[in-house]
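One structure is given here, and the rest of the page talks about it.
Values quoted throughout were computed directly from the atomic coordinates according to the rules given, and no laboratory measurement underlies them. Because the structure is a prediction, the values reported are computed rather than measured. Counting neighbours? That spans all protein chains shown, and the Cβs are built from the backbone with ideal geometry, glycine included.
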Amino acid sequence: MSDLFRQHLYLGLSFLASSLTDKDFYSVDAAKRIVDRAQKISDFCNLYAPNIADLPAVQLVNEAGAEELDKTIGVFVEQRRKKFTVALPDDEETLLKLYDRLQHRAARRVNRLLFAQVSREKLTKSILSQLDQEIEDQGMLQ
C-alpha cells in the first residue's frame with residue numbers, strides 16, 4: 001500500500017468520524033481537527049499494525065547476504081526502540097538467520113572492546129590458536 005493511499009485512507013476515516021460526530025465539519029477548525037485525527041489514526045496503525053511488507057526481504061545464504069540482514073535488523077531495532085514491539089517473520093529459516101547474524105554482531109562488539117586492551121603478541125597467539133581450531137573443526141566435518 002503506497003504512502004499516498006494510506007494518507008488518503010486515514011484522512012477519509014477521520015472525515016467520516018468527524019461527519020458523524022461534528023455538526024460543522026466543513027469549517028477551517030474542523031479541517032484541522034480532521035487532519036489531526038488522521039495523524040492519530042496513522043500513528044495508531046503504525047504502532048499496533050506495522051506493515052510487514054515494508055520490511056526488507058531476507059535472502060541470506062552465506063556471509064554475502066549479511067548486508068541485507070543488517071538492514072532488516074536495523075528496522076527491527078528501530079521498531080523495538082520506538083514501539084517496544086517487533087513484527088518478526090514467522091518462518092524458522094529467517095529467524096535462524098537473524099539469530100545467527102545477531103550472534104556475530106554481539107561477538108564483534110565484545111571483540112572491539114578486547115582489541116583495545118590486548119597486546120599484539122596476545123592477539124597473534126589468539127589468531128594462531130583459532131587457525132588451529134579451524135583445522136581441527138574441518139577434520140571433524142569431513
Karplus-derived 3J(HN,Hα), 6.51/-1.76/1.60, for each residue of segment 87-98, Hz, glycine and proline x:
8, 6, x, 8, 6, 5, 4, 5, 4, 5, 5, 5
Extending each Cα 7 Å along its Cβ direction at R108 and D29, get the distance between those two points in nm, one decimal.
5.6 nm
Final fewest-first order of V28, V77 on the 10 Å Cβ neighbour count is V28, V77
Expressed as a whole-number percentage, the relative contact order of segment 1-49 with C-alpha contacts under 8 angstrom and at least six residues apart is 44 percent
Rough spin-label spacing in nm, given labels placed 7 Å along Cα→Cβ, for F84 and Q7:
3.1 nm
Lys/Arg +1, Asp/Glu -1 at C-beta; segment 80-123 dipole; positive extreme among N111, L96, V86
N111
Below 13 angstrom from the Cβ of S19, what's the summed charge of the other residues (Lys, Arg +1; Asp, Glu -1)?
+1
How high is the FRET efficiency from D132 to A66, r the C-beta distance, R0 22 Å, rounded to 0.05?
0.30
